Amino acid sequence: MLLKLFLFSLLLLFKSSALSNKKTHPSALNEKAGISPPEITSSTSIVNIQKFRKMQPSASELVDGILAGNITALSRAITLVESTNNNHLAKANEVINACLPHASKSIRIGITGVPGVGKSTFIEAFGKFLTSLGKKVAVLAVDPSSTISHGSILGDKTRMEELVKDKNAYIRPSASGETLGGVARKTRETITLCEACGFDTIIIETVGVGQSETAVHSMVDFFLLLKISGAGDELQGIKRGIMEMADAIVINKADGDNIRKAHFAKMEFNRALHLFPAKKSGWIPKTSTCSSITHEGIPLVWETIESFLGLTKTNNSFFEKRKEQNQYWMFETINEQLKLNFYNQIEIQDLLEPTKKAVQSDEISPFAAAQKLLNVYQSCKINSEDSQ
């Protein structure tokens, strides 16, 4: 009986001790009190830093910074160029025009593939390989924008955690916005700024939408299509889409149990390429396999690009292609500017909403409504010219 009383007393003592410890040592899941700022924090310094961040450098200051290899100046200039604010247009054009004589000295590589093919992981492995060769690499990663919220994750830097720390690499994520073709609205101008900043290898990662990514082909020298095993066969050869534009097809994720499947896919795509007409440059597209994890096959990709450059620069097709691209982007810029001018016209903005409602209620046809707005825009331009 005494033994039972003794054990019962011990049990009560243990429970009391446990409850006491629980109160003094709360669970790690509980919210902890915030850390108060140290007393040495200077409110004056905070204000000065905030003012500095709000300061807008002049166009000449941005250009000087870019030519000196200043990444901050480059980033601010890209933000300026990407702006849709009409007040920024003249300044952005001034920066681009000043950088043009220092551009066009890089190799531009477009990399595309369906979502999940491993573009970001491949680019990190490929980029690290290039920087190990002494190259300066700029990665322009285009992220898809939501058609509902118009937002974009811009998370490519997260996946390239090693490359982003490389002093010879620069990663700039941009939202695609309403631009089709797998690129952002101002990717072409961004290439010019990166080249002027001293980057000799520009990699453009597209959004990865499959057969419709064509705009990127008109701004790069070499177009690389990433594939994975089990994603197609010779039937792909009759799809006159993205495969027809590819200068090389690389089967990614060729590691572990997937090596045999990747080599089989390589043979399938190699047969599919024979169904395409010959390229004007005389280049015959290559197929290969690689692993972004083990880095197996990564050097071969660069060897293929070097072979391409050797051939196309010798027969002058490299430079002819760039001339054609410059002409293409002249017309694209005209179209973009006309569109912006149209929607920024005050009279158009006043008429747009009621005209949309009239179209939705079948009071007027979409074609007649469009013509009506265009007529108003034309009248505005004529009146503006007369007033000058």
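FYI, it's all coordinate maths here, none of it is from the lab. This structure is a prediction, so every number in the text was calculated from the model and none was measured. Methodologically, a virtual Cβ is constructed for each residue, glycine included, from the backbone with ideal geometry; neighbour enumeration extends over all protein chains shown.
Tabulated values for the structure
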| read-out | value |
| --- | --- |
| The stretch 345-387: proportion of alpha-carbon pairs further apart than 11 angstrom, % | 64 |
| Pairs beyond 25 Å (Cα-Cα), from Lys186/Lys253; Lys186/Lys321; Lys227/Lys313; Lys279/Lys339; Lys135/Lys261 | Lys186/Lys253; Lys227/Lys313; Lys279/Lys339; Lys135/Lys261 |
| Separation in nanometres of the label points that stand 7 Å from Cα toward Cβ, at Glu324 and Asp350 | 4.7 |
| Label-point separation, Ser104 to Asp257 (7 Å along Cα→Cβ), nm | 5.3 |
| Using a Förster distance of 45 Å, the FRET efficiency for Asp362-Ser307 (Cβ separation, nearest 0.05) | 0.15 |
| Note, ³J(HN,Hα) from phi for the stretch 242-255, Karplus 6.51, -1.76, 1.60, rounded to Hz, x at Gly and Pro | 5, 5, 5, 8, 5, 8, 7, 10, 10, 8, 7, 6, 8, 8 |
| The stretch 235-367 - Kirkwood radius from inverse mean 1/r over Cα pairs (Å) | 19.3 |
| Mean Cβ neighbour count within 10 Å, used as a protection proxy, ranking 216-222, 79-85, 289-295 highest first | 216-222, 289-295, 79-85 |
| Spacing of the two label points (7 Å from each Cα toward its C-beta) at Asp200 and Glu162, in nm | 2.3 |
| Under 14 Å from the Ser379 label point (7 Å along Cα→beta-carbon), backbone N, the stretch 315-354 | 346-352 |
